[in-house]
Amino acid sequence: MNVDRELLERLRAFHGHLGPFAMLGYRAGRLALERLGARSHFGISARVTCPDHTPPSCFADGIQFSTGCTLGKGNITLTPSETVSVTVTVNNSGAALTVVPRREVMAQFGPWMAEADDETAALRVLAMPDEELFEPIS
């Protein structure tokens, strides 16, 4: 696996460490931007749902990192929920895409961290194909 070390260091600096939920959020945000043909930071908004406790709430930091949507700019909202998802919207067109991680993958994060560590689990998430990480996007 060819790993972008600069990306990993930037995500680590933003979030404080590398973990699977932050990496999952990063991947979900990047996928949404790619599918929408949108640029990060401006002209988009993100609606995140996830539990309001760590580690699953780290998903929101990965979304902020990958999309550039932040609380300060007011273009991200977080709704506490037992489900994990992000909807990215292109503001001027209204085009939107919802990305939902597969529950069975997230259920593996605990065992992966227990057998190795948070960073190893994050690298596993980084290496997985989109089809294995996320529910089908229509």
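Each reported figure results from applying straightforward, stated rules to the coordinates on display, with no laboratory input. Because the structure is a prediction, the values reported are computed rather than measured. Methodologically, a virtual Cβ is constructed for each residue, glycine included, from the backbone with ideal geometry; neighbour enumeration extends over all protein chains shown.
Measuring how big region 1-109 is from its alpha-carbon positions, Rg and Dmax come out at 13.1, 38 Å.
Counting neighbouring Cβ atoms within 10 Å and putting the fewest first, the residues Ile137, Ile44, Ile63 line up as Ile137, Ile44, Ile63.
Checking every one of the GluC sites (Glu not before Pro) in region 52-138 against DSSP loop status and a limit of 12 other Cβ atoms within 10 Å picks out Glu82.
How much length would be gained if the chain were fully extended between Arg103 and Glu119, taking 0.36 nm per residue of separation minus their Cα-Cα distance, in nm to one decimal?
Additional length available on full extension: 3.8 nm.
For region 1-83, applying the loop criterion from DSSP together with a ceiling of 12 other beta carbons within 10 Å to the chymotrypsin sites (Phe, Trp or Tyr not before Pro) yields Phe42. A full extension of the chain between Leu7 and Phe42 corresponds to an added length of 10.6 nm, given 0.36 nm per residue minus the alpha carbon distance. As an exercise, identify the trypsin sites (Lys or Arg not before Pro) in region 15-75 lying in DSSP coil whose Cβ has no more than 14 other Cβ atoms within 10 Å. The qualifying sites are Arg39, Lys73. Think of region 21-127 as a dipole: +1 on every Lys or Arg Cβ, -1 on every Asp or Glu Cβ, centred on the Cα centre; then among Val100, Thr87, Phe21, Thr87 lies furthest on the positive end. Based on every Cα atom in region 87-138, Rg and the maximum pairwise Cα distance Dmax equal 14.3, 46 Å.
Considering only Ala96, Ala107, Ala122, the Gaussian network model of the chain with Cα springs below 10 Å gives its largest mean-square fluctuation to Ala107.
Of all DSSP beta bridges confined to the chain, the antiparallel ones make up roughly 70%.
Charge dipole (Cα centre; +1 on Lys/Arg Cβ, -1 on Asp/Glu Cβ; no other charges) of the chain amounts to roughly 540 debye. The relative contact order of region 21-127, computed from alpha carbon pairs under 8 Å that lie at least 6 residues apart in sequence, is 33 percent.
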